[in-house]
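Here the structure comes first, spelled out in structure tokens, and everything after it is commentary.
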Amino acid sequence: MTAHQKMDKADTRNRLDDMVQGLVGKPMDRPDGPLKVSGRATYAHEWDVPDMAYGVLVRATIAKGRVSDVASSEIVGKNGVRAVITDDRLLRRPAQGTADAAPPQGARQVDYFGQPIALVVADSFEQARHGANVLKIRYAADGNAAFDPEAEDTDRERPEDDQLDQGDLDRAMQDAAFTVDQVYRTPGHNSAAMEPHCAIASWDGDKLTLRGSYQMLNFNINELADALQIVPEHIRMLSPYVGGGFGSKLGISPEAVSAALAAKEIGQPVCVALSRPQVFETTMRRSETRQHVRLSCDEQGVLTGIGHECLVSNLPGEDFYEPVTQATHFLYGGKHRKLGIEVARINRTCGGSVRAPGEAVGMQVMENALDELAEAAGIDPVELRKRNVPDRHPEQDIPYSSRRFVEALDEGAKRFGWDKRNRTPGSLREGDWLVGHGMAGAARVNILSEAKARVTLLADGHAVVETDMTDIGTGTYAILTQIAGDMLGLPADRVETRLGDSDLPRGPGSGGSWGASSAGSAVFLACEEIRRAIAKMLGTDEAKLRLAEGNAGTGDTARPITAILDGQDLSAIGHIEPGQTLEEMQQATYGSYFAEVAVNAVTGETRVRRMLGVFGAGRILNQKTATSQCYGGMIWGIGSALTEELVFDDRDGHIVNNDLAEYHIPVNLDVPQIDVVLLEERDEWASPLQSKGIGELGICGAAAAVTNAIYNATGIRVRDYPATLDKLLAGLPDA
Ligand code: MOS
């Protein structure tokens, strides 16, 4: 049995609201939680594969040029070293995640410092690491590398699809009552997932099994097939537990390809684990950005124009670029618009998707600029935003699907006590601490992705949900269990969800915040099909069917589902496809942030004292896991505002702070009580579940609330992120 739905029109049935088991929406604990906290969930490095050898990557110590010699013969056969893999197919850059391809970048061509050029394989990890350390590489260096995206002589391109020139912004700026015209900068970021990347490859003839840590197996097996030049049908990838991804595991990275090549060459399984510095240097970075923002408004603060012209960077030949203006296109009105992205081609670690590519940095800056405009116009920042919410998409003239932006602003202001905030920058002092309040808006595009899932209702009254979808810490195991439990009328402990195996029906993968809605819709459709089969067995309409606590019936009569099934299993595949509703409606999620900070008047140290986020993301599938996603996003917002920054060496482009000692993500003491409020919402255009993506929403603008609060505390605008102490010192009263 297969049930298929394409979202070509709104699904107004809101069926989940009628289900009586009552699981969806509840803060249900993760079924995988006990396994994880007791160390019984198998992560990529923990598989017990017999007879395994170990590989350690050797990486380029020049930024650009060619490898002219690898002295493999000096180390092979000694100290346990079995082989040095220099195969042309060895992946030189990570794959981008949705392209279904991972072409090798050309034999021996070096494009950035830290690029993998060989793999040393040995009987033990320590022997492999030693071999990698002593292996001699000779290069023919090309002195023509580029490291500075803003330098005059750096090559830059303007992707055609991302240039908008509507009306006459220059004129709007001249005629405006109030304007902002500023340049902001955000630094590069690393995903910094807790679990470093790892792959274990084993071959059985021409069939490859790869155990690893990946976000999107549906694309990842195609990438791996492309890289190895084999067919995807010969690959099985297993990724049941993933210790965080944030974009760094959207595509396969060098460990996957090198492990597969090595295992083939030596004829036994090979494990390749990346060290933390290797994660920094050979997986994705978020591009640094330079953002030129121009805003013009009338006396009432109504925007007449928006300019958002951005410079980002990536390696030569990479299609991906940080889509900085993504939310700027639809969030606020203003007739005259100039939005553009320019890509500098530089020799630094590959740029790619990092949590909320586009909005994470674009909203961060745009919400600072709105704060500056509010001050210039003498209008409350919350009010200014409300005055600029357009009726229809300001460029495409299409309607919005559900949008609770104004409600999020109002609810946030009320709960935070915005009316009692400090209004004069630099005027609220408690001893050595300057106290300030700031707010920002949140917005992130919503996407539905094609997905399949199989649901089987077993004769014994249990159900099994199967898809190659992953759970990267987001709560997939929980929410798919909840959806199936509700639809089939089973308590959660009678539903088992199996994920992370590429042999299972193709899910959407975990990326772009689309996982829960897309995989969940596929499960929902499969369950609807099973409900129809049960209804038929009972001689009734599916719509009249009442399933709860393992019983099935209509009206007052109910019988155990096991009695109805009478020994037979019911299995169905659900298949969801995105359709016209993605084109015809602007679909996005919205929210607001409010923050209170204290800045030390002597040292410039900033402490975030409290932070509130209010979000609308359609139906919330699990209150607890959705809230946790928002915590995570907002904590990263604190990091973006205050500490996180990739530092590159000017001479060779290498990452100087390539570990978690020097790349400063917020720790417990940096994070205050965070309050998250999820608004009640249904989006009938988004999916049959009426849910939208929430995984990335919490970071989209969060940093701006913190830096706007720093301005309110000190009167200092930091436009060059992060707002570290040194950037505040000169402007502080007691410094
Ligand atoms: Mo996300 S950056 O699509 O994991």
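Considering only beta bridges that DSSP places wholly inside segment 591-735, some 70 percent are antiparallel.
Counting only aspartates and glutamates at least 8 places from residue 414 when in the same chain, those with an alpha carbon closer than 20 Å to its own are 367, 371, 380, 383, 596, 675, 680, 681. Assign one of three labels to segment 1-94, namely rounded, prolate or oblate, based on the Cα gyration tensor with a ≥ b ≥ c the square roots of its eigenvalues; rounded applies when a/c is under 1.5, prolate when it is not and a/b is larger than b/c, and oblate otherwise. It is prolate, given that a/c is not under 1.5 and a/b is the larger ratio.
Dipole size in debye (nearest 20) for the chain around its Cα centre, Lys and Arg Cβ +1, Asp and Glu Cβ -1?
On the way: 75 positive and 105 negative charges, 195 e Å.
Dipole about the Cα centre, nearest 20: 940 debye.
Using the membrane-span-like helix rule (whole DSSP H runs, Cα extent along the own axis of at least 15 Å, mean Kyte-Doolittle hydropathy at least -0.5), which helices of the chain qualify? Correct list, ordered by number: 217-228, 254-266, 359-377, 405-416, 476-488, 515-538, 623-642, 702-714. Taking every DSSP bridge with both residues inside the chain, close to 75 percent are antiparallel. Partners of residue 335 within straight-line reach, counting lysines whose Cα lies under 30 Å from its Cα and excluding those fewer than 8 residues away in the same chain: 9, 386, 692.
In segment 332-381, with Lys and Arg counted as +1 and Asp and Glu as -1 at Cβ, which of these residues, 357, 369, 381, has the Cα nearest the positive end of the dipole, that is, farthest along it? Comparing the listed Cα positions along the dipole, 357 ranks first. With a ≥ b ≥ c the root eigenvalues of the C-alpha gyration tensor of the chain, is it rounded (a/c under 1.5), prolate (a/b larger than b/c) or oblate? Oblate, since a/c reaches 1.5 and b/c is not below a/b.
Shape analysis of segment 306-354 places it in the prolate category; the axes a ≥ b ≥ c from the Cα gyration tensor give an a/c of at least 1.5, with a/b above b/c. Can you figure out the FRET efficiency of residue 660 with residue 49, using R₀ = 22 Å and their beta-carbon distance, to the nearest 0.05? Plugging the Cβ-Cβ distance into 1/(1 + (r/R0)^6) gives 0.20. Residues of segment 451-465 with amide nitrogen under 17 Å from the 7 Å Cα-to-Cβ point of residue 4? From segment 451-465, the list is 451-454.
The helix-only estimate of mean residue ellipticity at 222 nm for the chain, built from DSSP H runs of length n ≥ 4 each weighted as -39500 (n - 2.57), is -7000 deg cm²/dmol after division by the residue total. For a straight C-alpha distance cut-off of 22 angstrom, the lysines reachable from residue 78 (same-chain residues fewer than eight places away being disregarded) are 136, 264.
Each of residue 157 and residue 607 was given a label point 7 Å from its Cα along the Cα-to-Cβ line. The distance between the two points is 4.9 nm.
The numbers here are math on the coordinates, done by the rules we state, and not lab data. Keep in mind that what you see is a predicted model, and the values were worked out from it rather than measured. Here the Cβ is made from the backbone with ideal geometry for all residues, glycine too, and neighbour counts use every protein chain on show.
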